[in-house]
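**Q** Have a look at this one.
The values are calculated or read from the model by the stated rules, or taken from the named source; none is laboratory data. Values in this document were obtained by computation on a predicted structure and should not be read as measured data. Every residue, glycine as well, gets a Cβ built from its backbone with ideal geometry; the counts of neighbours run over all protein chains shown.
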Amino acid sequence: MPENAFVVRTFPNSVEAEFAQSVLDANGIASMLLKDNAGGMLPFLDILHPVRLVVRQGDVDTAVRLLDATAASDPNKGEPPLLS
């Protein structure tokens, strides 16, 4: 990992991490995901090693604001998922 890269969030699974990364990508912020789950073959390892979202040092403040705004605008926040 480059010296000027910082973890801005950790996620319990790749799906949530990839969604957050897409928010940053849509706003022109380069990022990468660090996963320790054997290339996706052992997803249960995410419990031990959460997926980390990393951005450059100069993008940390903007990335955190964007991710916070996205989380605050989640219409399902605080509600349990619907069961079918």
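**Q** Just need a number here: residues in segment 3-50 that are touching a helix residue (DSSP H, G or I) at 6+ places or on another chain (Cβ under 9 Å) and either touching a residue at least 40 places away in the same chain (Cβ under 8 Å) or among the aromatic types (Phe, Trp, Tyr) (or both).
**A** 12
**Q** What number of residues in segment 1-57 are among the hydrophobic types (A, V, I, L, M, F, W, C) and either in contact with a Gly (Cβ under 7 Å, 6 or more places away or on another chain) or outside any strand (DSSP E or B) (or both)?
**A** Selection size over segment 1-57: 17.
**Q** Within segment 8-29, which residues are among the charged types (D, E, K, R), over 16 Å from ALA72 (Cβ atoms) and under 9 Å from the mean Cα position of the chain (by Cα)?
**A** To start, the set of residues in segment 8-29 that are among the charged types (D, E, K, R) comprises 9, 16, 18, 25.
Narrowing further to those that are over 16 Å from ALA72 (Cβ atoms): 18, 25.
Hit for segment 8-29 is GLU18, nothing else.
**Q** Regarding ARG56, is this residue among the basic types (Lys, Arg), touching a residue at least 12 places away in the same chain (Cβ under 8 Å) and over 19 Å from ALA71 (Cα atoms)?
**A** Yes, satisfied.
**Q** Which one is surrounded by the fewest Cβ atoms within 10 Å (Cβ to Cβ), of the residues in segment 30-48 that are modelled with pLDDT of 80 or more and within 13 Å of the chain's Cα centre (by Cα)?
**A** The qualifying residue surrounded by the fewest Cβ atoms within 10 Å (Cβ to Cβ) is ALA30.
**Q** Looking at segment 1-52, which of its residues are of a type in the set (A, V, I, L, M) and more than 23 Å from LEU66 (Cβ to Cβ)?
**A** Across segment 1-52, the qualifying residues are ALA38, MET41, LEU42, LEU45, ILE47, LEU48.
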